[in-house]
Amino acid sequence: MKISILAICRLGVLAAAAILAGCGSGPSQPAFGPAGTVKNAARPGENPLSLGRLFSLTTRLGIVPTVYPNHQRSWMAPDAKKKNLLYVSNYYGTTTGHSTVEVDVYHYNPDLTPPKKLLGKLTGFGYPYGECTDKAGDVFVVDWAKADIVEYAHGGASPIATLNDPGYFPIGCSVDPTTGNLAVANFGAVSSSSPGNVAIYQNASGSPTLYTYQSPAYYLPPGYDNKGNLFVEIQTATGQKNLLAELPSGSSTFRTISLSGWTINFPAGIMWDGSYLAGSDQEYKNPNVVDTGIYRIQISGSTGTVVSSIRLNDRCASSGNNILAVQPWIQKNRVVAGNLYNSCLYSYGYWNYANGGFPIKQIPSSIAPEQGWGQTVSKGQ
C-alpha cells in the first residue's frame, strides 16, 4: 500500500523522521513517541515501524503511544457481574514506565453518577483498541498489536475465547444483532502492499470471511444497524477520498453511500444509536481543525442524509486540538469517550447526545484512564 508524502502530511502523521521532514506545519503535535518506539509491541519478525506508522494514521493528531505493558494479573470485583459495566481501552506510556496497557472497568450508572472506584482491570494486551458487546453482555476487545480479538464474559477477569486475525491491524468491532456475527475492521495489513478489510466471524467464532471495498482503503471501527446492515467509514489508500460504505445484510459486496448534507473530513468510527447511524468525524465541519463531531444519518437505499449533528468539546483542550476517541460510545441520549489530546490526560466524560458541548459529568481523574481509546458498555446480569 503506497501513500504519498502529501497524503501523509494531510493526515497529520507522526511517523518516521524522513516522512516528517517532508511535511509542512500543522496543528501542535502531542508529546507521544514516534513510530519507532513501539518495538516492544511488535509481533515476532514484524517491522515495528509498520505497526506504528499505520497506527499514526488512525487519528487526526497522528498519535503513536509508547507502550509499557502491564504485567500484572487481570482482576474483577466480586460484584461486578451484577452491574452495568463500562470497559475502556487505556494506554499512554510514560517515561517512568507506568503500566497502563490495559482495559479499565467501571460501574456505568444509568443516572451518570461518576464511579468512585475501578471495578476491574484486564491485562495481557499489546495495543487494545476498539471494543464491542453482544446481546449476552460478552465483551470483545480488539488488539491492534497482537492481531486478535479477546472475548470476556460480562464481569469476567479471564478470556473465554480468542479469535485470530493474522496479517492485519484490527481497530474496532461490532456485533450483528440479528445473527450474532462479529465484524472486525482491519485498518490495514502488515504487508505494505495489502489493503485493510472487514473480517466477519460467523457466530463470533472460527476463522473470518474477509470483505473489501473496491479499492485499497483504510477501515475505521464499523457498526451494524438494527437490521444487520454493516457500515464503515473508510479512506482510500491515496488519502484523497473519504467515504461511507455499507455491506448490506446477506451481501458480499460493499456499496458506497452517497452523502447528503455531510462531508467526511477525517474518518472515524460509526455505530447505531437506536434510530440512526451515528458517524464520527475527527475534523468536524472544518478540514483544517482537529475537532470531534457526530452526525446522525438516515439511510435510504444508497443515500445517507444528516438529520442532526453535534460538536463535542472539552475544557482541558485548546481550540483546534480536541479529539475524543476514534469511536465514542453512544447509549440512548449519552455519549461516552476519553480525550486523546496530550493536554487532556485522565479526561474521560459523558456528553449529552442531543446537545453536545461540554461534558455533563466526568470520571474523577484519580481513577480515570490516562487515554481512553476504545469503549463499550455491557449490561449487568
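Values quoted throughout were computed directly from the atomic coordinates according to the rules given, and no laboratory measurement underlies them. Please read all numbers here as calculations on a predicted model, not as lab measurements. Here Cβ is always computed from backbone atoms with ideal geometry, including for glycine, and neighbour counts include all displayed protein chains.
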Nothing charged except the Cβ atoms of Lys and Arg (+1) and of Asp and Glu (-1): what's the magnitude of the dipole of segment 189-309 about its Cα centre? Round to the nearest 20 debye. 200 debye
Order by protection proxy (mean Cβ within 10 Å, highest first), peptides 365-371, 218-224, 107-113, 171-177: 218-224, 171-177, 365-371, 107-113
Please work out whether segment 144-185 counts as rounded, prolate or oblate from its C-alpha gyration tensor, where a ≥ b ≥ c are the square roots of the eigenvalues and a/c under 1.5 means rounded, while otherwise a/b larger than b/c means prolate and anything else oblate? oblate
M76, M271 arranged by Cβ crowding within 10 Å, fewest neighbours leading: M76, M271
Suppose R0 equals 30 Å. What FRET efficiency, 1/(1 + (r/R0)^6) with r the Cβ-Cβ distance, do Q202 and S275 give to the nearest 0.05? 0.60
Modelled FRET efficiency - R0 51 Å, S365 with S215, Cβ distances, 0.05 increments: 0.75
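In debye, nearest 20: dipole of segment 109-216 around its Cα centre with unit charges on the Cβ of K, R (+) and D, E (-)? Mind dumping the intermediate values first?
On the way: 5 positive and 9 negative charges, 56 e Å.
Charge dipole of segment 109-216: 280 debye, to the nearest 20.
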